[in-house]
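The values are calculated or read from the model by the stated rules, or taken from the named source; none is laboratory data. Only a predicted model underlies this, so the values are computations on that prediction, with no experimental measurement involved. Counting neighbours? That spans all protein chains shown, and the Cβs are built from the backbone with ideal geometry, glycine included.
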Amino acid sequence: MPYSRPTLTQQRALVAADISGSLPGSDALLRFSSLNILGTVLAGLAQEQYGYTDWVSLQANPFTATDEFLEAWAALKNVFREAATQAGLAVPGQVTFPGSNGTSLPIGTPLVRGDGVGFTTTSAGVWSGSSVTVNAVANADPTGLTGAFGNCAVGTVMTLGTAIAGITSTGSVTTAFTGGADVEQDESLRSRMLQAYQNVPQGGAQKDYVTWALQVNGVTRAWCNPNGFGAGTIVVYPMLDVTEAANNGFPQGVSGVATLETRGTPTATGDQLNVANWIYPLRPATALVYVYAPSQQVVNFSITGTGSFSAATKALIASAIAGIFVLYGSPLSTVAGQNGVIDMSYINSAIAAISGTQGFVVTVPNGNIVGTTGQLPVLGTINWLP
């Protein structure tokens, strides 16, 4: 049975009753009584102690701990808070400027986005006709807390921070800046930590590969398909829902094996290589591990009874469906011995929980969503019908 903490008002009444009971003939409730003032102060101190005890009880349990105490619990399982990452650090973004062919645009040239966010070139400019293209990375946050601000799409306007004769000062992004992420939040760290506590290492069991993948910076979900490419092979499917948010969380790079792996091809690149290289020294010596990006299994919807739905309500419905896909979607089908099915009852319940959605009927798809090995369901278009 949980302890019922008294409120400050109840605490004051208890102290006043104790004073009155301990000092017969006194009236501890008189407005200017020294006993009343003393009792009020003591009640406040006791209430503060209750608050501190509540806080200690939260930090003493990994399920409820926060901040550095959560980090301490996680560190016991070799799980650490993921640091903020700069956009363009893993896979450089590119910016193109018009100009006169042959003009030098050196490494380290400052660039400025329209909102004032700074970038820095990481390669010398490469000319093609009358335009020069350069790799760049978003400048790091000096506090080390943010990084998602550096992500930007193709077409974003950039200007040179320093004027260069022969090059127009205004250009645009031609390869999107991705990979920027803020420092990991408590709930994400807690989820990875609890996964590690609940799955004791077993020398290369299926869940071990999931645990190892989740230790890689940016990986938020992962699945393991044993014997996915034949006997002795392991296929790991990671997702990076934050750092690759611009790509719906799907890893960017070439799927394949670790750099030191000589038995399989191709060698992975980008996000897949980061995961493969991390798992390589941890896996059983004979396991041939492939890290693959799931392919998108686009699922379109038709929903009737939506004639009166506002744009905001429709946006909430789309968000709810996408959330169900994140919670229950899997690139492992039932053929691989996994539960690759998303029950329509989950989607119907999520929509029904949104205010003002009474009377809707999902007509497409007309049954549970069955996954295909290697594919991860994602929300396509929604056909809103009256």
Q: Collect the residues in segment 21-57 that are assigned to a helix (DSSP H, G or I) and surrounded by 14 or more Cβ atoms within 10 Å (Cβ to Cβ), keeping them in residue-number order.
A: Leu35, Asn36, Gly39, Thr40, Leu42, Ala43, Gly44, Ala46, Gln47, Tyr50
Q. Tally time: how many residues in segment 349-375 are among the aliphatic types (A, V, I, L, M), touching a strand residue (DSSP E or B) at 6+ places or on another chain (Cβ under 6 Å) and within 30 Å of Val236 (Cα to Cα)?
A. 2
Q.
Can you confirm whether Glu68 is loosely packed, with under 13 Cβ neighbours inside 10 Å and within 17 Å of Asp186 (Cβ to Cβ)?
A. yes
Q.
Let me spell it out: the conditions are (1) at pLDDT 80 or above; (2) within 30 Å of Thr66 (Cα to Cα); (3) loosely packed, with under 14 Cβ neighbours inside 10 Å, and Tyr3 meets all of them except one. Which number is the exception?
A. (1)
Q: Count, please, the residues in segment 155-197 that happen to be outside any loop (DSSP other than H, G, I, E, B) and of a type in the set (A, V, I, L, M, F, W, C).
A: 11
Q | Pairs with Cβ under 8 Å, 6+ apart, first in segment 135-163 and closer than 16 Å to Phe97 by Cα, second assigned to a loop (DSSP other than H, G, I, E, B) and basic (Lys, Arg) | A | none
(Q) Of everything in segment 75-99, what is among the polar types (S, T, N, Q) and not in a loop (DSSP other than H, G, I, E, B)? Give them in sequence order. (A) Thr85, Gln94, Thr96
